Amino acid sequence: MSPDKKQSKSYSVETRQLNLWYGDFQALINVSVKVVDGLITGLIGPSGCGKTTLLRCFNRVNERYGNVTTTGEVEILGKNIYDADVSLPELRKNVGMVFQRPNPLPISVYENIIFGLRVHSERRIRKRSDTDNIVETALREVHLWDDLKDQLKVKATTLQLEQQQKLCIARLLPLKPRVILMDEPCSALDAKGTRTVEELMLELAGQYTILIVTHNMAQARRVSNECIFMLLGEIIEHSHTEDLFLTPQNSKTADYIEGRYG
Amino acid sequence: MRTIVNIFHQLGRWGEPVIEGIIRLCGISAIIFVFGIFFFVFREGMGFFFGGLDIVEFLTSPEWYPTSVSNKRYGVLALIAGTFSVTVLAMFLAVPFGLGAAIFVSEFCGPKLKETLKIVIELLAAIPSVVWGFIGLTVMNALIIDLFNVPIGLTMLNGGIILALMSVPIIVSIGEDALKAVPDSYREAAEALGATRWQVVYRVLLPTAKNGLLAAVLLGVGRAVGETMAVLMTTGHAVKMPTSPFDSVRTLTATIAAELGEAAVGSDHYRVLFIIGVLLFSITFIVNFVTDLVIKGIREKA
């Protein structure tokens with residue numbers, strides 16, 4: 001790590017001494033990390049190293065499992081999201097998430113995209129033409145508009161997996177999130193689907209800070225600007241992706257990327 | 001254990017077909033019983049159904065005087081209205097409570113409370129209907145007289161409340177199953193988009209589980225239509241077109257239960273009671289059939 005090199009950058013996610021337990025099991029140990037604004041940061045490491053847990057801390061979706069204890073701070077957009085006065089809906093509006101299995105809701109394509117807005121502005125009745133525009137813009141951004149413009153009423157769960165996953169990205173966009181968390185977004189897709197989703201991520205970077213958990217080291221090399229290597233709940237190394245893969249500072253990192261374990 | 005295994009070995013090629021035949025018989029027996037019951041009930045009523053009963057008057061006249069000396073009249077409209085009104089009132093009370101409880105148990109309460117609630121709700125379902133009738137006859141009766149200042153508490157309201165209490169456990173357990181069948185990934189997706197738990201319930205779960213919830217309600221209706229003893233004891237048993245919840249009413253089921261013992265075997269009165277049985281059978285059959293279609297709808301979509 002070279003903190004001096006990063007000082008000019010702004011950070012959208014910062015954790016300080018973050019610890020997390022599932023019951024008695026400690027899944028994250030003293031995690032302190034800074035994620036640069038507007039870049040794609042990859043989280044890599046062997047199964048069970050805590051990378052998905054760390055990702056799920058950033059929108060507090062971990063708390064769905066009742067037995068989670070968290071200590072430390074996670075600062076997103078200048079606010080500790082574990083403060084008592086944080087509103088979860090507001091946090092999750094700013095920090096969107098894409099899951100491992102595409103999980104569109106069992107409603108139409110149109111309603112899936114507008115779902116976030118409906119949830120966040122319950123009272124306001126939107127004009128049909130407004131929502132039409134929002135849906136078109138979101139679908140165009142993920143290159144689904146041409147495929148789906150005639151199928152907006154189709155139930156989203158009947159689409160192809162690749163389309164479903166892109167739809168899951170598209171439905172975050174109307175909420176204008178600052179950070180998008182992706183938990184192995186391509187693991188359910190074939191090679192072609194993986195490529196298009198990766199291209200999409202590269203297009204979206206810049207407008208959004210993207211954090212991606214991946215098992216696929218080649219994918220981490222292809223899409224990420226920075227990479228974080230985790231092992232047994234701890235951050236081992238965090239640097240530019242090329243540096244991490246070409247000149248790893250830590251021998252554990254080197255062993256992992258050379259495939260000696262994991 | 002060893003000897004049983006040996007016997008099966010010795011049965012050899014005969015063992016399989018014999019066992020298969022027995023199991024097949026068990027499976028088919030349900031169909032035989034249903035048709036058998038329908039056949040025998042219909043056979044008892046058939047003589048009058050085809051000889052003498054004016055079917056239009058039977059279904060449209062509210063005059064039920066099966067034991068009149070000079071002018072016997074067999075109109076069941078008042079009884080149908082009684083069954084219908086008590087059922088509707090019961091569902092009006094039971095559906096919101098039952099579905100509310102199902103949503104609470106499935107989505108909002110902690111695991112410990114959930115276990116307790118489920119056990120208590122099953123216990124509620126296990127209370128015999130005559131005990132419910134007894135509660136209606138004593139507790140509810142006095143309560144209704146006191147609260148509403150009416151002369152008698154054995155009314156449509158009383159029967160409806162008791163039936164509602166009896167249907168709620170079914171609605172809760174089937175409704176909870178329907179909500180449990182909604183994949184957790186839907187909840188997670190909606191929550192990650194910032195939906196509150198209540199928004200998850202009414203924007204995601206209710207639309208997704210609506211068929212299952214409808215099936216729960218229809219099973220509750222089936223229970224309410226078919227219930228006999230509790231309504232016999234609580235509704236006042238007066239043949240009357242109901243005009244308010246404080247009227248006494250009589251249901252189809254209660255009429256059969258109360259009068260069959262008094263009717264001379266083979267008389268018109270006896271036979272018309274069996275025709276009422278067929279009518280009831282048809283109503284519950286239709287309700288169950290619709291429920292089945294609805295449940296099938298869920299499976300095809302899933």
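The values are calculated or read from the model by the stated rules, or taken from the named source; none is laboratory data. Being a predicted model, the structure only gives us computed values, none of them experimental. Counting neighbours? That spans all protein chains shown, and the Cβs are built from the backbone with ideal geometry, glycine included. All accessible areas refer to the heavy atoms of the entire protein, side chains included, with ligands and DNA or RNA removed. Shrake-Rupley method; radii C 1.70, N 1.55, O 1.52, S 1.80 Å.
Things worth noting here:
- Among the conditions (1) within 14 Å of chain A (Cβ to nearest Cβ); (2) aliphatic (A, V, I, L, M); (3) open to solvent by 10 Å² or more (accessible area, probe 1.4 Å), B:I174 misses just one, which is (1).
- Top-ranked residue in the stretch B:64-105 [being part of a loop (DSSP other than H, G, I, E, B) and open to solvent by 80 Å² or more (accessible area, probe 1.4 Å); ranked as farthest from B:E227 (Cα to Cα)]: B:S70
- Qualifying positions in the stretch A:72-98 - open to solvent by less than 60 Å² (accessible area, probe 1.4 Å), touching a residue at least 24 places away in the same chain (Cβ under 8 Å) and either more than 14 Å from chain B (Cβ to nearest Cβ) or in contact with a Ser or Thr (Cβ under 7 Å, 6 or more places away or on another chain) (or both): A:G72, A:V74, A:E75, A:I76, A:P89
- Criterion violated by B:A195 - all others in (1) modelled with pLDDT of 90 or more; (2) surrounded by 19 or more Cβ atoms within 10 Å (Cβ to Cβ); (3) more than 14 Å from every other protein chain (Cβ to nearest Cβ) satisfied: (3)
- When the criteria are applied in full, B:K210 meets the requirement of being of a type in the set (K, R), within 14 Å of chain A (Cβ to nearest Cβ) and open to solvent by 30 Å² or more (accessible area, probe 1.4 Å).
- Checked against the criterion of being more than 28 Å from A:D255 (Cβ to Cβ), in contact with a Leu (Cβ under 8 Å, 6 or more places away or on another chain) and of a type in the set (A, V, I, L, M), the candidates A:I228, A:I134 yield just one match: A:I134.
- Selected residue [free of Cβ contacts under 8 Å to residues at least 60 places away in the same chain, at negative phi and within 14 Å of chain A (Cβ to nearest Cβ)] from B:V204, B:V139, B:V200: B:V204
- Hey, B:G82 in the same structural domain as B:P207 (by TED's automatic domain parsing) and in contact with a strand residue (DSSP E or B) (Cβ under 6 Å, 6 or more places away or on another chain) or not: yes
- Residues of the stretch B:173-186 satisfying the condition of being out of contact with any Phe, Trp or Tyr (no Cβ under 8 Å at 6 or more places or on another chain) and assigned to a helix (DSSP H, G or I): B:S173, B:I174, B:G175, B:E176, B:D177, B:A178, B:L179, B:K180, B:D184, B:Y186
- One residue from B:V217, B:V249, B:V272, B:V231 being at pLDDT 90 or above, closer than 20 Å to B:T291 by Cα and either buried (at least 19 other Cβ atoms within 10 Å of the Cβ) or among the polar types (S, T, N, Q) (or both): B:V217
- The stretch A:100-139, subset in a helix (DSSP H, G or I) and at the interface with chain B (Cβ under 8 Å from one of its Cβ atoms), residue surrounded by the fewest Cβ atoms within 10 Å (Cβ to Cβ): A:R118
- Residue list for the stretch A:140-151, restricted to those being at negative phi and open to solvent by 30 Å² or more (accessible area, probe 1.4 Å): A:R140, A:E141, A:W145, A:D146, A:D147, A:K149, A:D150, A:Q151
- From the list B:V150, B:V200, B:V172, the lone residue that is out of contact with any Lys or Arg (no Cβ under 9 Å at 6 or more places or on another chain) and β-branched (V, I, T) is B:V150.
- Beta carbons closer than 7 Å, at least 6 apart along the sequence or on distinct chains, pair a first residue in the stretch B:264-293 that is farther than 18 Å from B:A81 by Cβ with a second that is exposed (fewer than 13 other Cβ atoms within 10 Å of the Cβ) for B:D268/B:G52; B:H269/B:T67; B:Y270/B:A264.
- Selection of the stretch B:118-160 for residues being outside any helix (DSSP H, G or I) and within 22 Å of B:F246 (Cα to Cα) yields B:N149, B:V150, B:P151, B:I152, B:G153, B:L154, B:T155.
- Of the residues in the stretch A:169-186, none is farther than 29 Å from A:R126 by Cβ, open to solvent by 10 Å² or more (accessible area, probe 1.4 Å) and in a helix (DSSP H, G or I).
- Residue ranges of helices (runs of 4 or more DSSP H) in the stretch A:188-262 with at least 1 members open to solvent by 20 Å² or more (accessible area, probe 1.4 Å) and among the acidic types (D, E): A:191-204, A:241-246, A:251-257
- Test: residue in the stretch B:38-55 that is closer than 29 Å to B:V239 by Cβ and part of a strand (DSSP E or B): no
- No other residue among A:L231, A:L211 is touching a residue at least 40 places away in the same chain (Cβ under 8 Å), within 21 Å of A:S12 (Cβ to Cβ) and touching a helix residue (DSSP H, G or I) at 6+ places or on another chain (Cβ under 8 Å) apart from A:L211.
Yes/no per residue for (1) touching a helix residue (DSSP H, G or I) at 6+ places or on another chain (Cβ under 8 Å); (2) not polar (S, T, N, Q):
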| position | (1), (2) |
| --- | --- |
| B:A215 | yes, yes |
| B:T243 | no, no |
| B:T253 | yes, no |
| B:I275 | yes, yes |
| B:I286 | no, yes |
